[in-house]
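Visitor: Dumping the structure here so I can ask a few things about it.
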Amino acid sequence: MDEILRTDNFPPDGVNGNGFHKNKFKDIPDAKPFALIDDNALIIHSNLNFQSYFNLADGNSVLELKSEPGFAEIFNNFKNSGYSQFNSDIYIETENKSEPFFVELNRFTLTGTEYFFMTVSPPQSKIKIEEKIDNLGQAIEYGNISVLITDANGIINYASKSFERFFGKRIEQIYNSYLPDIISDFLSSSDLEELKNHLSVHKKWSKIITDLNEKNQLWFKELQLNPVKAKGENGGFIVVANDITHYVLKTRYIKQSEEKQKSIINNIFDPLLIVRKTDDELYFENINIVFEKLFGLEKNAVTDKKIKRYLPEGFFEAVETNIIKLESSGELSIKFAYEYKERNYEGKITFIYDSFHKERVFIVILNDITEQLLIQKKLKEAFEKENRLNKLKSVFLANMSHEVRTPLNAIVGYSELLEDDLEKNRIDSSLEMIRYMKEGVNRLLHLVDNIVEVSLLESGDQDFDMIKTDLNPLVTETFLDYKNKLENSDITIETNLAAERLIVKIDEEKFRKILDVLVDNAIKYNVPHGKVILQTLKENNNAKIIVSDTGIGIKSEDLDKILEPFQQVEDESYRRKYEGAGLGLTIANKLTSYLNGTLKIESQLKKGTDVILTFPLLSE
């Protein structure tokens, strides 16, 4: 046998379709009949004794053997059983007579293909056969195998002792009894009729029965009715009762455990993925319902499949990368960030070791932290706003200290000088002192007016008289007013108005206020011999008013800052170069917004500033 199966007997060249070189077998003596059979039951090679005994040649099917029991059933059962060896006495028909042969089947695999080696021992003496029958009976008894044998009509003529114990009856109660009558206590009426029908037509039948033993424990047995052929005609039946209690209970326990695990997994509200790592590849082990819905997957369709094929590329890379990091770090878990469908997730990966399969199983949980991040963002914005408000309060106090105390100090000083002039009857200088005092009072009034207006705009209590009007005349009015004021100044003011009418719906008084603030700033922050230009134009169904200057300009990082109340680029009181509380642009910006317009500032340091007002045009 070993000589036959040696792989060096099968050279790589000159082999047949099954990978065997037939000439190698010619050196084997023709003693005991043998045949080499492939997975399809075809004879690859047989010796002369086998061919002469059974009239079968190479290429024939071994299933053509006429035997009792049927060789086709024996071969197929052995092939599907997983056993490596089978041997038994079988009646095989040779030259129109049936003789007992001892048949031995061995299974082996060569170059990845499964083959069967069959040896047949010629008929032995009757004593030898009887000895083997006796040995078989003892094997059945000592193996505790529950076996019944009946004739063709279902009348019992043999029962093993384990079957007697199984039915709780003695052999004399079972012998010569009708099989359905003996097992009727374990079957329903429909099952009994089915059994009787299979007995009458000589067909296989099986049924799982259950009951309680003397210890009140549940058991399960599988009854199998197998018909036997005798000389080509219907013979008796062999009934085997296999105890499957352990298998059924184990299967039930596993199913309950799986259901329990499934229930636990599906009651986790976060997306959960269980991954198995085999040969450096990641495979789906399990996913919960939340994960299915998030990624549009179905558990049954992806189980045991590679996750790379089904997961979004970014998520797969995150899982794979962090699993590698986790394995090399020696830590028990690792976290990572992942964004999917405008939601933010914090992923956490842990692992357990599967000792049975000797591989790691990784558990990936995605925690949706979108709302948490949003809350953190709002808290940060609130914190920053509070800091701005605290700073604004400090700036306000510093500005108010300067803007209020400066004119008040001037008023107090000029009043003392006025008192002295009046005592000395100096009329001319008295008039000058009165003018200075008036300027200080007006400055205070202007400051108070601005503070009140900002307060009204913040509260939404400001009233607006919205009318349809042409912007060009309003811009011209402002231009002429400031042109007169700048007659004795080195600052010049110009206009460049659109040819067409620019009809918008605004509050004219509030619009003039906006222009006053912008032109006043353009003059205040200009350079010597500088220029201010008022321009109007039509663009994309909008009216634009641009107030440009050639002044000191503003840093880009300060553009948003100066729109807040009480802000100037140099806001510390001891460094202030320009008068004002820093409310003008705040008022202009808020008024523009209330008039359904926008205010935009473009500036370059030391080159000048453009303030652009935009209002939607109306048809005339």
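Visitor: Pairs to check: LYS306/LYS348; LYS250/LYS335; LYS538/LYS607. Give those whose C-alpha atoms are more than 31 Å from each other in this structure.
Guide: LYS250/LYS335
Visitor: Now for a separate question. Kindly provide the chymotrypsin sites (Phe, Trp or Tyr not before Pro) of region 189-220 that DSSP labels as loop, not H, G, I, E or B, and whose Cβ sees at most 16 other Cβ atoms within 10 Å.
Guide: Values: sites: TRP205, TRP219, PHE220; in loops: none.
Nothing satisfies the criteria.
Visitor: Right, next: If we count every other residue with Cβ under 11 angstrom of PHE86's Cβ, Lys/Arg +1 and Asp/Glu -1, where does the sum land?
Guide: On the way: positive: LYS79, ARG107; negative: GLU104.
Surrounding charge for PHE86 is +1.
Visitor: Taking the simple approach of a point 7 Å from Cα along Cα-to-Cβ for both LEU379 and ALA72, what is their distance in nm?
Guide: 7.8
Visitor: Tell me the label-point distance for the pair SER415, GLU95, using the 7 Å Cα-to-Cβ offset, in nm and rounded to one decimal.
Guide: Modelled inter-label distance: 15.3 nm.
Visitor: To the nearest µm²/s, what D does Stokes-Einstein give for region 488-546 at 20 °C and 1.002 mPa s, using the Kirkwood radius over alpha carbon pairs as Rh? Working shown, then result.
Guide: Numbers: Rh = 13.0 Å.
Here the translational diffusion coefficient equals 165 µm²/s.
Visitor: Given H placed 1.01 Å from N in the peptide plane, which residues other than close sequence neighbours of SER177 have an amide H under 5 Å from its amide H?
Guide: Residues meeting the amide H criterion: ILE156.
Visitor: Around ASN60, which amide H atoms from residues at least 5 apart in sequence, or from another chain, sit under 5 Å from its own amide H, with H modelled in the peptide plane?
Guide: ILE43
Visitor: Quick one: which of LYS485/LYS505; LYS438/LYS531; LYS378/LYS468; LYS468/LYS555 span more than 31 angstrom between C-alpha atoms?
Guide: Values: LYS485/LYS505 29 Å; LYS438/LYS531 29 Å; LYS378/LYS468 41 Å; LYS468/LYS555 37 Å.
Check vs 31 Å cut-off fails for LYS378/LYS468; LYS468/LYS555.
Visitor: Within region 143-185, which chymotrypsin sites (Phe, Trp or Tyr not before Pro) sit in a loop by DSSP and count at most 15 neighbouring Cβ atoms inside 10 Å? Don't skip to the end; give the middle numbers.
Guide: Details: sites: TYR158, PHE163, PHE166, PHE167, TYR175, TYR178; in loops: TYR175.
For chymotrypsin sites (Phe, Trp or Tyr not before Pro) across region 143-185 that sit outside H, G, I, E and B with at most 15 neighbouring Cβ atoms in 10 Å, the list reads TYR175.
Visitor: Mind sorting TYR247, TYR115 by how few other Cβ atoms lie within 10 Å of their own Cβ, fewest first?
Guide: Values: TYR247 12, TYR115 18.
Ascending number of Cβ neighbours within 10 Å: TYR247, TYR115.
Visitor: Can you list which of the trypsin sites (Lys or Arg not before Pro) found in region 156-251 are DSSP loop residues with at most 13 other C-beta atoms within 10 Å? Don't skip to the end; give the middle numbers.
Guide: Values: sites: LYS161, ARG165, LYS169, ARG170, LYS196, LYS203, LYS204, LYS207, LYS215, LYS221, LYS229, LYS231, LYS250; in loops: LYS169, ARG170, LYS203, LYS204, LYS215, LYS231.
Those that pass, being in a loop and sparsely packed, are ARG170, LYS203, LYS204, LYS215, LYS231.
Visitor: If you take the alpha carbon radius of gyration of region 463-616 and divide it by 2.2 N^0.38 Å, what ratio comes out, to two decimals?
Guide: 1.02
Visitor: Can you compute log10 of I(q)/I(0) for region 271-368 with the Debye formula, treating each Cα as one identical point scatterer, at q = 0.22 Å⁻¹?
Guide: After summing over all Cα pairs, the log10 values are -1.23.
Throughout, read-outs are computed from the coordinates displayed, never taken from laboratory work. Note that the structure is a prediction, hence the values are computed from the model and not measured. FYI the Cβ positions are ideal-geometry reconstructions off the backbone, even for glycines, and counts take in every protein chain you see.
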